[in-house]
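The values are calculated or read from the model by the stated rules, or taken from the named source; none is laboratory data. Computed from a predicted structure; not experimentally measured. Positions of Cβ are backbone-derived with ideal geometry, glycine not excepted, and every protein chain shown enters the neighbour counts. Note: accessible area is taken over every heavy atom of the protein model, side chains too, but ligands, DNA and RNA are not part of it. Shrake-Rupley method; radii C 1.70, N 1.55, O 1.52, S 1.80 Å.
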Amino acid sequence: MIIKVKNLCKDFVQGSTVISAVKNVSFDLVEGKSLALTGPSGSGKTTIMSLLAGLDSPTRGEVTVAGVALAELSEKELSNFRAKKVGIVFQQFHLMPHLTALENVSLPLEINSVKDSKNLALKILEAVGLKERVNHLPNQLSGGEKQRVAIARALVLKPKVILADEPSGNLDSETGERVMDLLFDLAKAGDLSLVLVTHNSKLAKRCDRQISLASGSLTEQKEV
Amino acid sequence: MGLLKYIFREILNNRRFCTLFVLSLSMGLTGLVAIDGFKSSIGKTIDSKSKNLLGADFGLSARRPLLDEEKNFIFDFVKNKQVYETKMIELFSMVKASEEKSRLVQIRAVENSYPFYGKISVSGLQNKNKKLSGQNAWVHPELISQLSVEIGDSVKIGKTNFKVQGVVENDAASGFSSAIAPRIYINLQALEKTELIKAGSIAWHSSLFKIEQASESELDALQVKVFDAIDSPEVKVFTHKKASEQLAGLVARLNDFLGLTSLVALFLAAIGSFFLMRSYFALKTDQVAILMSLGLSPLKAFLFYLSQIFALGLISAVLASLLSLLIVPVLGGLVKGLLPFEINFFIEPKTFLLGGVVGAFGSIFICLPLLVNFLKTKPARLLTKQTDEKMKPVDLIKTVIFSLPALFLFVYLSVELSNSYQVGAFFTIGLAAVIVLLTFLSVLIFRSFGFGGLSLRWALRDLNRNKTVTSISFVSIGIGVLLLNLIPQIQKTIESDLMAPDRSNLPTFFMFDIQEEQVEDLKKIVSSQKAELKNMSPAIRARLMSVNGEGFSKSLDVKSGANLSREQERELRFRNRGFNLSYRAELDESETIMNGPAFSGVFDEESGGLPEISMESRFAKRLGLKIGDVLEFEIDGLPFKGKIINTRSVKWSSFQPNFFVQFQPGALDLAPKTFVATVKVEGMNAKLNLQNAIVEKLPNVSMVDVTRVMKRLLIIMKQMGWALKFMSLLCIIVGFVVLYSIASHQSSQRKWDVGLLKSLGAPFSVIRDQFLWQFFLISLCACVFGVSISLAASYLISVYFFQTTWQIYLTMPLLSILGTLALTLVVTYLAVKKTLATKTIDLFL
């Protein structure tokens, strides 16, 4: 299993109130497969995503990604984990506004001290169809182009797992569809596992598995 | 009320921005408010003490006995009021206590009616109400130890012995209690017996008047009338207030420069505030677009934000006023000894008002160009907006036009604080040049390089891309470091010039009031003491009558009673002074001809030409005189003409006899004159022996101990230097507040970047180090360039203004660089700490 989640709980404290964002959730994912996390706003999708990425720590339960048990890692080891094992695609793109497309994609390579980072970044940008836009700043790119840069950045280190949070949520349907095609194609070509947070049922159906959440609890789990 | 409520809520909702804005602006305003408070404290003190300081309401003074008709003007012009007069003569002279003890003193010979106001408290008097009469003297306390005398002992002044009758404990009219020449009071009638006053002797003859129930305006009006009525420019006419203001002249000039230094602090704060407001408006673009889409008119939006800025400016002013309450007494402590009276510290409402006006309107002026561009926001952006859209490009013409009020305010404050159009303009242009240079350098030097660790490379890339942040931080630190180094560098150069061990030409004594018939005796005494007499120079008292045939009149500006600029004051001073002419065949080592030929030799009366004149170059410039001008002087009632053939620079710190106006030899040889000279002698015993020998034989010759003068000068310079350094420190503090504001706001704005880097796996240390590198590099380069510019400026000022040999002192630059770098790292870390701790999960929200 590339992802193993067991009895996962996450509580947030707001003043004197404890809010349980994730309640006793368990699931797993086979390597090379895709998983859709669905559910209404506030159901805990994004919290689970951040726990899978090691960006936050669970209150209780276990998370293992690519053979790494995240609960046991120090902050430094978590950074290393994120740098090497997972790639993240955000709904809001989150590109560095003062860096060009090429520089944005080069960031993970630089963090990992990968040699020849420029050529590797160029190759992946070419793969996402942005060969002609490499030296453009984010505000000179369209929404679809920005998301393609974000995907390229997530894939450039060939991680085991791609975590994508509503990657087409900020795009029109046609552009969104093209971006998702690209993401699925690249994941398949690279034999990568994909965890996708989405409201879009059509998109969820393209994944190998679907997990539905409501109020932090797992309500449905099915193979597509 | 509604508007106020919204402003209050807006401030509360943007606490971080508002705190930084207020902190930055209030620190900048503090210097300005403190200097104004300090000035008004001095002004108020003068107001309350000026009658005591002069001892009278009104006075006349000249380097010659005042004529009856000159004094009678006062009695003629003052109607229906009682006028009382008392006379006083002041001069420097040697006083001798025993065979071994003698020294230069300031003699103040007064009548019993002096002073009309205040009193001279004297200890040791058997009868407390005893008047100063006969051959008695009241001495300032330092003389008791310096001459090893006690009450009842005898001291010799000129040719007469005086009994030390009492010690002056509190002298309301003390003036500067100079360490060079402490004061002795004697009776005016007794002065004659000393035979100190001879033809050409340097002595100030004054008549002081008490005018019953005269108001300030009446005294001012009387000053104008009397000044106008007295023909001679030599006679000084003053009210008690004007006389006291002149006593505080040194501190007034120091205040000019302190004011300018505080203006630099304000400018830095303005930069910081501008940056913060720019970032704030960038964040508020959506909000204003939403409000406009809901029907808010651009005018209302403009007024809302204008009021908010106004409120922040006022809050800053209140904080600055509170801080200035702490600073004003510190400044007072730093300049203690430069003023002849104790300052009563209090900050007037008008000082608070100044802070409020500059704070509130200054903030508006600073932010006006931003606000105008900000309100170009169209609600339509809400429909097309993209997450990383920035504010629209600025309208350059509008920006320039709306920047003008801030520029005018700055120029106005420069001129107002320096009391000089020239200095104000020079300061504004100089500061603008430094800013342009530093900005240019910041753009030029920060490039992306492929070397170094990840943090360093990212830091360099950020510096290159975020040019606004880089430039503002760079300029703030650069200017602070520049100021911090400039003042000590100049101070050290001058100190070194004064104290240089290789100054073999420096005399031991500077002597004046040497009568013509005493020259040979003096030479013999000096020779017998194995000392070296140098530069025996004649001094001929004269008055400039005309230039190229046109009368050289007294300036009329004084009549207006208006505040004069420093240039006007200086011109007035030069115009209304008597001249000491001299002649010599060759230049002294301390002189250099700037323009024109050297003297052609001894003047030949039969040649038909006019005697040649050499003018000191700056003096000529101030009076508007040039080569070729024919000057007509009045010497001892007779006219005497000469023609300027050259201008020369004089190194005044040489302590050699030098003159503004010098004739070629042969022209003035027969004119009535006294002499000045210097003498050099090695060793303390030989020095005392020489001094005692001269005092014994030639008691009217005054001898200034050059070493003592230099020490006093150094003390004064050090005190002024400390005050200036204190204000420079304020600049560097403001620089760091700006840096903190920028780093803090920058990091807060970049929390998404930080989160993103974390999500990409960048270790915490790499992200932290990126910020530290970024501001460390800015600080390092700003320090290096700030120090370099300060060295260059100190070189130019030392060589061209003070005409001294520039020397480099590396201690201060090194200390300031190391200190600034260390502080930068601390300030940056504190500023970005919160952002670095941001949880990456926020990226998903």
State whether the residues of region B:144-151 include one that is in contact with a strand residue (DSSP E or B) (Cβ under 6 Å, 6 or more places away or on another chain), assigned to a helix (DSSP H, G or I), hydrophobic (A, V, I, L, M, F, W, C) and open to solvent by 70 Å² or more (accessible area, probe 1.4 Å).
no
The helices (runs of 4 or more DSSP H) lying wholly within region B:542-652 that contain at least 2 residues that are modelled with pLDDT under 80 are B:557-560, B:566-575
Considering only residues that are closer than 23 Å to B:Leu276 by Cα, within 14 Å of chain A (Cβ to nearest Cβ) and either within 23 Å of the chain's Cα centre (by Cα) or buried (at least 16 other Cβ atoms within 10 Å of the Cβ) (or both), which ones fall in region B:420-478?
B:Phe446, B:Ala459, B:Leu460, B:Arg461, B:Asp462, B:Leu463, B:Asn464, B:Arg465, B:Asn466, B:Val469, B:Thr470
Out of A:Met1, A:Met49, which single residue is outside any strand (DSSP E or B) and open to solvent by 20 Å² or more (accessible area, probe 1.4 Å)?
A:Met1
The one condition B:Phe402 fails out of (1) within 28 Å of B:Gln807 (Cβ to Cβ); (2) modelled with pLDDT of 85 or more is (1)
Is it the case, given these coordinates, that A:Gly169 is modelled with pLDDT under 90 and within 14 Å of another protein chain (Cβ to nearest Cβ)?
yes
Selection count, region B:741-763, where residues are over 50 Å from the mean Cα position of the chain (by Cα) and open to solvent by 10 Å² or more (accessible area, probe 1.4 Å):
3
Just to verify a result, which residue in region A:126-143, among those that are assigned to a loop (DSSP other than H, G, I, E, B) and at the interface with another protein chain (Cβ under 10 Å from one of its Cβ atoms), is least open to solvent (accessible area, probe 1.4 Å)?
A:Leu141
Flag for A:Ala152 being in contact with a helix residue (DSSP H, G or I) (Cβ under 7 Å, 6 or more places away or on another chain), among the small types (Gly, Ala, Ser), at pLDDT 90 or above and under 18 Å from A:Leu102 (Cα atoms)
yes
Taking the conditions exactly as written (in contact with a Leu (Cβ under 7 Å, 6 or more places away or on another chain), at the interface with chain B (Cβ under 9 Å from one of its Cβ atoms) and open to solvent by 20 Å² or more (accessible area, probe 1.4 Å)), does A:Glu110 satisfy them or not?
yes
Suppose the filter is within 11 Å of chain B (Cβ to nearest Cβ) and crowded, with 20+ Cβ neighbours inside 10 Å; does A:Asn104 pass it?
yes
Those residues that are touching a residue at least 60 places away in the same chain (Cβ under 8 Å), surrounded by fewer than 21 Cβ atoms within 10 Å (Cβ to Cβ) and in contact with a Pro (Cβ under 7 Å, 6 or more places away or on another chain), I need them from region A:85-98; list them, please.
A:Lys85
Can you say whether B:Leu825 is buried (at least 22 other Cβ atoms within 10 Å of the Cβ), more than 14 Å from every other protein chain (Cβ to nearest Cβ) and in a helix (DSSP H, G or I), as far as the supplied structure shows?
no
Within region A:52-73, can you find the residues that are more than 11 Å from chain B (Cβ to nearest Cβ), open to solvent by 20 Å² or more (accessible area, probe 1.4 Å) and outside any strand (DSSP E or B)?
A:Pro58, A:Thr59, A:Ala66, A:Gly67, A:Ala71, A:Glu72, A:Leu73
Just one of (1) over 22 Å from B:Lys71 (Cβ atoms); (2) open to solvent by 10 Å² or more (accessible area, probe 1.4 Å); (3) in contact with an Asp or Glu (Cβ under 9 Å, 6 or more places away or on another chain) trips up B:Phe274, so point out which.
(3)
Selected residue (criterion: nearest to A:Glu31 (Cα to Cα)) from residues of region A:210-224 that are in a strand (DSSP E or B) and open to solvent by 30 Å² or more (accessible area, probe 1.4 Å):
A:Glu223
Evaluate the following for B:Leu368: is it open to solvent by 60 Å² or more (accessible area, probe 1.4 Å), at pLDDT 75 or above and out of contact with any Gly (no Cβ under 9 Å at 6 or more places or on another chain)?
no
I'd like to check something: does region A:20-39 contain any residue that is within 14 Å of chain B (Cβ to nearest Cβ), open to solvent by 70 Å² or more (accessible area, probe 1.4 Å) and more than 16 Å from the chain's Cα centre (by Cα)?
no
Candidates A:Leu183, A:Leu194, filtered to the one that is at pLDDT 90 or above and either more than 14 Å from chain B (Cβ to nearest Cβ) or more than 30 Å from A:Ser26 (Cβ to Cβ) (or both)
A:Leu194
Being within 30 Å of B:Ser747 (Cα to Cα), among the charged types (D, E, K, R) and not in a loop (DSSP other than H, G, I, E, B) is the requirement here; does A:Glu103 meet it?
yes
For region B:783-811, give me each residue that is open to solvent by 60 Å² or more (accessible area, probe 1.4 Å) and in contact (Cβ under 8 Å) with a residue 12 or more places away in the chain.
B:Val784, B:Phe802, B:Thr805, B:Trp806, B:Gln807, B:Ile808, B:Tyr809
Could you list, in sequence order, the residues of region B:3-61 that are part of a helix (DSSP H, G or I) and among the acidic types (Asp, Glu)?
B:Glu10, B:Asp36, B:Asp47
Conditions (1) under 25 Å from the mean Cα position of the chain (by Cα); (2) open to solvent by less than 30 Å² (accessible area, probe 1.4 Å); (3) closer than 28 Å to B:Ile46 by Cβ -> B:Gly356 fails only (1)
Among all residue pairs at least 6 apart or on different chains, which show Cβ distances below 6 Å where the first residue, located in region B:324-348, is free of Cβ contacts under 8 Å to residues at least 60 places away in the same chain and the second is open to solvent by 40 Å² or more (accessible area, probe 1.4 Å) and part of a loop (DSSP other than H, G, I, E, B)?
B:Pro329/B:Phe345
Residue check, B:Leu757 against (1) closer than 16 Å to B:Gly452 by Cβ; (2) assigned to a helix (DSSP H, G or I), all met but one. Which one?
(1)
Mind checking which pairs have a first residue in region B:755-769 that is at the interface with chain A (Cβ under 7 Å from one of its Cβ atoms) and a second that is open to solvent by 10 Å² or more (accessible area, probe 1.4 Å) and basic (Lys, Arg), Cβ under 8 Å, 6 or more apart or different chains?
B:Gly761/A:Lys84; B:Pro763/A:Lys76; B:Phe764/A:Lys76; B:Phe764/B:Lys758
If only one of A:Lys76, A:Lys123, A:Lys146 is open to solvent by 40 Å² or more (accessible area, probe 1.4 Å), within 12 Å of another protein chain (Cβ to nearest Cβ) and part of a helix (DSSP H, G or I), which one is it?
A:Lys76
